[in-house]
1. Looking only at region 18-34, how many residues end up being open to solvent by 100 Å² or more (accessible area, probe 1.4 Å) and free of Cβ contacts under 8 Å to residues at least 40 places away in the same chain?
2. Quick check: anything in region 23-30 in a strand (DSSP E or B), charged (D, E, K, R), out of contact with any Leu (no Cβ under 6 Å at 6 or more places or on another chain) and under 23 Å from Gly125 (Cβ atoms)?
3. Please go through region 116-150 and pick out each residue that is of a type outside the set (A, V, I, L, M), out of contact with any Ser or Thr (no Cβ under 9 Å at 6 or more places or on another chain) and closer than 17 Å to His57 by Cβ.
4. One residue is enough: does region 40-47 have a residue meeting the conditions open to solvent by 20 Å² or more (accessible area, probe 1.4 Å), among the charged types (D, E, K, R), touching a residue at least 40 places away in the same chain (Cβ under 8 Å) and assigned to a loop (DSSP other than H, G, I, E, B)?
5. Counting only residues that are under 14 Å from the mean Cα position of the chain (by Cα), of a type in the set (Phe, Trp, Tyr) and surrounded by 14 or more Cβ atoms within 10 Å (Cβ to Cβ), give me the helices (runs of 4 or more DSSP H) lying completely in region 50-153 with at least 2 of them.
6. Can you find a residue in region 23-40 that is modelled with pLDDT under 95 and more than 14 Å from Gly134 (Cα to Cα)?
Amino acid sequence: MTEDLIAELQAQEAELELTRFDNTDAWRLGSLLVELATQRSLPVAVDIRRGAQQLFHAGLPGSVADNDRWIERKVRVVERYGVSSYLVGRRLAAKGQELDAGMGVDPADYAAHGGAFPIRIRDVGVVGVVTVSGLPQAEDHALVVEALRAFRS
(Lines give C-alpha, C1' and ligand atoms only; values in the text may rest on other atoms or scores of the structure.)
Protein backbone atom coordinates (compact mmCIF):
# COMPACT_ATOMS: atom_id res chain seq x y z
CA MET A 1 0.00 0.00 0.00
CA THR A 2 2.73 2.47 0.99
CA GLU A 3 4.72 1.64 -2.15
CA ASP A 4 1.61 2.27 -4.29
CA LEU A 5 1.05 5.63 -2.61
CA ILE A 6 4.68 6.63 -3.10
CA ALA A 7 4.47 5.70 -6.80
CA GLU A 8 1.25 7.72 -7.13
CA LEU A 9 2.83 10.77 -5.49
CA GLN A 10 5.86 10.54 -7.78
CA ALA A 11 3.56 10.29 -10.82
CA GLN A 12 1.64 13.38 -9.69
CA GLU A 13 4.85 15.38 -9.54
CA ALA A 14 5.83 14.31 -13.05
CA GLU A 15 2.32 15.02 -14.34
CA LEU A 16 2.11 18.47 -12.78
CA GLU A 17 5.35 19.88 -14.12
CA LEU A 18 4.73 23.32 -15.63
CA THR A 19 6.29 25.14 -18.57
CA ARG A 20 6.27 28.53 -16.81
CA PHE A 21 5.23 30.21 -13.57
CA ASP A 22 5.14 33.94 -12.93
CA ASN A 23 3.41 36.31 -10.50
CA THR A 24 0.18 36.28 -12.50
CA ASP A 25 0.20 32.49 -12.50
CA ALA A 26 0.63 32.53 -8.71
CA TRP A 27 -2.41 34.77 -8.37
CA ARG A 28 -4.48 32.52 -10.67
CA LEU A 29 -3.46 29.33 -8.86
CA GLY A 30 -3.97 30.88 -5.43
CA SER A 31 -7.36 32.25 -6.40
CA LEU A 32 -8.35 28.82 -7.71
CA LEU A 33 -7.35 27.20 -4.42
CA VAL A 34 -9.31 29.81 -2.47
CA GLU A 35 -12.34 29.24 -4.69
CA LEU A 36 -12.21 25.45 -4.24
CA ALA A 37 -11.76 25.77 -0.49
CA THR A 38 -14.49 28.41 -0.13
CA GLN A 39 -17.01 26.30 -2.08
CA ARG A 40 -16.36 23.46 0.39
CA SER A 41 -16.10 25.66 3.51
CA LEU A 42 -12.60 24.34 4.19
CA PRO A 43 -10.72 26.06 7.05
CA VAL A 44 -7.37 26.37 5.27
CA ALA A 45 -4.52 28.74 4.69
CA VAL A 46 -3.06 28.90 1.18
CA ASP A 47 0.47 30.01 0.34
CA ILE A 48 2.44 30.26 -2.91
CA ARG A 49 6.10 31.19 -3.20
CA ARG A 50 8.62 31.50 -5.98
CA GLY A 51 12.09 31.34 -4.53
CA ALA A 52 12.16 33.42 -1.37
CA GLN A 53 9.25 35.64 -2.44
CA GLN A 54 5.74 34.99 -1.13
CA LEU A 55 3.45 35.69 -4.10
CA PHE A 56 0.11 34.65 -2.61
CA HIS A 57 -1.28 34.06 0.87
CA ALA A 58 -4.81 33.68 2.16
CA GLY A 59 -6.26 32.55 5.46
CA LEU A 60 -9.84 31.37 5.02
CA PRO A 61 -12.47 31.35 7.77
CA GLY A 62 -11.63 28.71 10.34
CA SER A 63 -7.89 28.78 9.65
CA VAL A 64 -5.61 29.90 12.46
CA ALA A 65 -2.15 31.40 12.87
CA ASP A 66 -0.77 27.91 13.54
CA ASN A 67 -1.59 27.02 9.91
CA ASP A 68 0.96 29.63 8.84
CA ARG A 69 3.60 27.97 11.02
CA TRP A 70 2.78 24.59 9.44
CA ILE A 71 3.14 26.19 6.00
CA GLU A 72 6.62 27.44 6.87
CA ARG A 73 7.66 23.98 8.08
CA LYS A 74 6.24 22.17 5.04
CA VAL A 75 7.79 24.67 2.61
CA ARG A 76 11.23 24.03 4.10
CA VAL A 77 10.82 20.32 3.37
CA VAL A 78 10.06 20.98 -0.32
CA GLU A 79 12.94 23.46 -0.56
CA ARG A 80 15.36 20.98 1.02
CA TYR A 81 14.30 17.76 -0.73
CA GLY A 82 12.83 19.04 -4.01
CA VAL A 83 9.65 16.95 -3.77
CA SER A 84 6.29 17.30 -2.02
CA SER A 85 6.24 17.29 1.77
CA TYR A 86 3.80 14.37 1.62
CA LEU A 87 6.16 12.30 -0.55
CA VAL A 88 9.04 12.94 1.85
CA GLY A 89 6.87 11.88 4.78
CA ARG A 90 5.61 8.71 3.07
CA ARG A 91 9.12 7.71 1.99
CA LEU A 92 10.35 8.13 5.56
CA ALA A 93 7.38 6.24 6.99
CA ALA A 94 8.05 3.35 4.60
CA LYS A 95 11.53 3.06 6.13
CA GLY A 96 10.28 3.52 9.69
CA GLN A 97 12.05 6.87 9.92
CA GLU A 98 11.05 10.40 10.84
CA LEU A 99 12.35 13.79 9.81
CA ASP A 100 14.46 14.71 12.83
CA ALA A 101 17.87 15.73 14.10
CA GLY A 102 19.28 12.41 12.91
CA MET A 103 18.61 13.65 9.38
CA GLY A 104 20.16 17.04 10.11
CA VAL A 105 16.92 18.96 10.60
CA ASP A 106 15.03 20.37 13.56
CA PRO A 107 11.44 19.06 13.59
CA ALA A 108 10.37 22.45 14.96
CA ASP A 109 11.41 23.91 11.58
CA TYR A 110 10.51 21.06 9.19
CA ALA A 111 7.29 19.07 8.76
CA ALA A 112 7.13 16.11 6.39
CA HIS A 113 3.33 16.29 6.32
CA GLY A 114 1.21 16.63 3.20
CA GLY A 115 0.23 19.97 1.76
CA ALA A 116 3.34 21.54 0.23
CA PHE A 117 3.95 20.75 -3.43
CA PRO A 118 6.88 21.82 -5.61
CA ILE A 119 6.30 24.20 -8.48
CA ARG A 120 8.54 22.51 -11.01
CA ILE A 121 9.31 24.02 -14.42
CA ARG A 122 10.23 21.70 -17.26
CA ASP A 123 13.97 21.84 -18.05
CA VAL A 124 14.53 24.15 -15.04
CA GLY A 125 13.54 22.35 -11.83
CA VAL A 126 11.81 23.46 -8.66
CA VAL A 127 11.24 27.22 -8.60
CA GLY A 128 8.64 27.51 -5.87
CA VAL A 129 6.13 25.89 -3.56
CA VAL A 130 2.33 25.87 -3.31
CA THR A 131 1.02 24.93 0.13
CA VAL A 132 -2.29 24.28 1.87
CA SER A 133 -2.62 23.83 5.63
CA GLY A 134 -5.65 23.15 7.79
CA LEU A 135 -6.90 19.69 6.81
CA PRO A 136 -5.54 16.19 7.45
CA GLN A 137 -2.30 15.86 5.47
CA ALA A 138 -3.66 13.66 2.68
CA GLU A 139 -6.50 16.15 2.13
CA ASP A 140 -4.16 19.16 2.12
CA HIS A 141 -2.09 17.39 -0.54
CA ALA A 142 -5.13 16.33 -2.57
CA LEU A 143 -6.49 19.88 -2.67
CA VAL A 144 -3.20 21.21 -4.05
CA VAL A 145 -3.08 18.44 -6.68
CA GLU A 146 -6.68 19.12 -7.71
CA ALA A 147 -5.97 22.82 -8.10
CA LEU A 148 -2.76 22.24 -10.08
CA ARG A 149 -4.61 19.90 -12.44
CA ALA A 150 -7.32 22.49 -13.04
CA PHE A 151 -4.70 25.24 -13.36
CA ARG A 152 -2.87 23.31 -16.09
CA SER A 153 -6.02 22.71 -18.17
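1. 1
2. no
3. Gly128
4. no
5. Counting at least 2 such residues, we get 65-81.
6. no
The values are calculated or read from the model by the stated rules, or taken from the named source; none is laboratory data. Remember, it's a predicted structure, so these values are computed and weren't measured experimentally. Cβ sites come from the backbone with ideal geometry, for glycine too, and all protein chains shown count toward neighbours. When the accessible area is computed, the model is the full protein with side chains, heavy atoms only, and any ligands, DNA or RNA have been set aside. Shrake-Rupley method; radii C 1.70, N 1.55, O 1.52, S 1.80 Å.
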